[in-house]
Amino acid sequence: MKKAHVIYQQDGRRWVAIARDPDKRACVIDTNEYLISDGDEALLADPGGSEVFPAVFAALSEVIDPLRIRRLFASHQDPDVISSLGLWLDCNPQLKCYVSWLWSDFIPHFGGSDQSLIALPDQGMDLPLGRRPLRAMPAHYLHSPGNFHLYDPTASILFSGDVGAALLPADQNELFVADFDRHIRHAEAFHRRWMGSAEAKRDWCQRAAALPLDMLCPQHGAIYRGADVMRFINWFDALPVGAIGR
Ligand SMILES: [Fe+2]
Ligand SMILES: [Fe+2]
């Protein structure tokens, strides 16, 4: 069963991880979903696949009425990220989903129409949420050609989609990275294969290193916090990517 974990809260604003699910079917990749709420407004980042929609909805209900969520954010187009879109729209037909303009006419295959989407331009943009906006930060080619991360300067948290993802064994289910060296072994093969552009990786590492960052929250595996954030950025910067079998 998925559970809601408040990972930070400050001044009426709250950041919640719907963390991994030990009871999910073995054939689907495990995912994290992230809720950011501020007063009456709430946004769900990388809401997950239709497969996990009931578990995500139930876990969200521990901390919020899910029908209050009026905005989704999809870092990219993958089924584990946003194939639940049609089910969310069944709950709330007024709901809107931010996604790269590149995917605007692909995503409606998961439900809704272009009216359900807010297309993000390549350079990114601010997303209003309560009193302080979030920032859609370009992360193109990491791994999708139209890819964004979500930065909240209020808490110095970066929701990094598949960047930072680790495919952890079942007995390693901590919410935060506990031992970086032990953890990162489970991220290496994933990043080598899924991250296709060394140039995009270098550019992202430079921009991420320049941000104040207290947490880096990936869509798979544990959350990096404190010194482990910069450890991850340095590790990723040095990792060869974009080749099969190396
Ligand atoms: Fe992906
Ligand atoms: Fe993913």
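Since every read-out is calculated from the coordinates, none of them should be taken as a lab result. Just so it is clear, the model here is predicted, and its values are computed rather than measured. Heads up, the Cβs are rebuilt from the backbone with ideal geometry, glycines too, and the neighbour counts pull from every protein chain shown.
For segment 192-246, the set of residues classified as surrounded by fewer than 16 Cβ atoms within 10 Å (Cβ to Cβ), among the small types (Gly, Ala, Ser) and assigned to a helix (DSSP H, G or I) consists of ALA198, ALA209, ALA227, ALA238, listed by residue number.
Pick from segment 29-43 the residues that are away from ligand 2 (no atom under 16 Å from the Cβ) and in a loop (DSSP other than H, G, I, E, B): which of them is nearest to ARG14 (Cα to Cα)? Write out each step before concluding.
Here is the first cut: in segment 29-43, the residues away from ligand 2 (no atom under 16 Å from the Cβ) are 35-43.
Checking the rest, the ones that are also in a loop (DSSP other than H, G, I, E, B) come to 39-40.
Working: GLY39: 9, ASP40: 11 Å.
Result: GLY39.
Scanning segment 181-191 for residues that are buried (at least 20 other Cβ atoms within 10 Å of the Cβ), within 16 Å of ligand 2 (Cβ to nearest atom) and under 27 Å from ALA119 (Cβ atoms) turns up nothing. Within segment 164-202, the residues that satisfy the criterion of being farther than 18 Å from ASP46 by Cβ and either within 16 Å of ligand 1 (Cβ to nearest atom) or touching a Ser or Thr at 6+ places or on another chain (Cβ under 9 Å) (or both) are ALA189, ARG192, ARG193, GLY196, SER197, ALA200, LYS201.
Please work out if GLN94 is in a loop (DSSP other than H, G, I, E, B) and either free of Cβ contacts under 8 Å to residues at least 12 places away in the same chain or within 27 Å of LEU142 (Cβ to Cβ) (or both).
Working: in a loop (DSSP other than H, G, I, E, B): yes; either free of Cβ contacts under 8 Å to residues at least 12 places away in the same chain or within 27 Å of LEU142 (Cβ to Cβ) (or both): no.
The answer is no for GLN94.
Taking the residues in segment 44-88 that are in a strand (DSSP E or B) and more than 13 Å from ligand 2 (Cβ to nearest atom) as candidates, determine which candidate is farthest from LEU158 (Cα to Cα).
Going through segment 44-88, the residues in a strand (DSSP E or B) turn out to be 44-45, 71-73.
Okay, now just the ones that are also more than 13 Å from ligand 2 (Cβ to nearest atom), so 44, 71-73.
Values: LEU44: 14, ARG71: 18, LEU72: 16, PHE73: 13 Å.
So the residue we want is ARG71.
Every residue in segment 123-168 that is part of a strand (DSSP E or B) and away from ligand 2 (no atom under 16 Å from the Cβ), please. MET125, ASP126, LEU127, LEU134, ARG135, ALA136, MET137, PRO138, TYR151, ASP152, ILE157 - these are the residues of segment 123-168 that are part of a strand (DSSP E or B) and away from ligand 2 (no atom under 16 Å from the Cβ).
Residue check: ALA139 meets all listed conditions (1) surrounded by 21 or more Cβ atoms within 10 Å (Cβ to Cβ); (2) out of contact with any Phe, Trp or Tyr (no Cβ under 6 Å at 6 or more places or on another chain); (3) of a type outside the set (Lys, Arg) but one, namely (2). The residues of segment 1-55 that are touching a residue at least 12 places away in the same chain (Cβ under 8 Å), loosely packed, with under 15 Cβ neighbours inside 10 Å and among the acidic types (Asp, Glu), listed by number, are ASP23, ASP40.
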